[in-house]
Amino acid sequence: MQKVMNPYLVLALAVILPGAGHVAAGEPRRGLAFAFFVVLFGALTYATTTPEISFIGRHAGGLFIWALSIPDAYRRARIRTLNAKVTR
């Protein structure tokens, strides 16, 4: 059985680096998928905006996916923690 990580630690890792929370929570494929799409949509947004747009605006696509991944990583870690407590 895999050790269950504290959901708050998973949340902190998800805020620091896209996909890291999922990897720490035991879902590396999901974490790598999120990281891939953060880079992909960040690059797409960057390529389709003009230079006078702010940094946030130029990378909005990637930042949006990253923002979606944060609560997802926490929620999945929380569910895993609750399931581990039930099966004991």
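The values are calculated or read from the model by the stated rules, or taken from the named source; none is laboratory data. Model, not experiment: these values are computed from the prediction. Cβ: placed from backbone, ideal geometry, glycine included. Neighbour counts: every protein chain shown.
The table below lists the values:
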read-out	value
Whichever residue in the stretch 1-15 is in a loop (DSSP other than H, G, I, E, B) and of a type outside the set (A, V, I, L, M, F, W, C) and, among such residues, is modelled with the lowest pLDDT	Gln2
Test: Arg88 is charged (D, E, K, R) and in contact (Cβ under 8 Å) with a residue 60 or more places away in the chain	no
Filter result (in a loop (DSSP other than H, G, I, E, B), surrounded by 13 or more Cβ atoms within 10 Å (Cβ to Cβ) and of a type outside the set (S, T, N, Q)) within the stretch 16-72	Leu17, Pro18, Gly19, Ala25, Gly26, Glu27, Ile53, His59
Within the stretch 20-61, considering residues that are modelled with pLDDT of 95 or more, small (Gly, Ala, Ser) and within 11 Å of the chain's Cα centre (by Cα), the one nearest to Arg80 (Cα to Cα)	Gly21
Qualifying positions in the stretch 9-59 - within 18 Å of Arg75 (Cβ to Cβ), without any contact (Cβ under 8 Å) to a residue 24 or more places away in the chain and touching a Phe, Trp or Tyr at 6+ places or on another chain (Cβ under 6 Å)	none
Which numbered condition Asn6 fails, given (1) at positive phi; (2) in contact (Cβ under 8 Å) with a residue 60 or more places away in the chain	(1)
Answer from Arg80, Arg76 - the residue that is on the phi < 0 side of the Ramachandran plot, in contact with an Asp or Glu (Cβ under 7 Å, 6 or more places away or on another chain) and touching a residue at least 24 places away in the same chain (Cβ under 8 Å)	Arg76
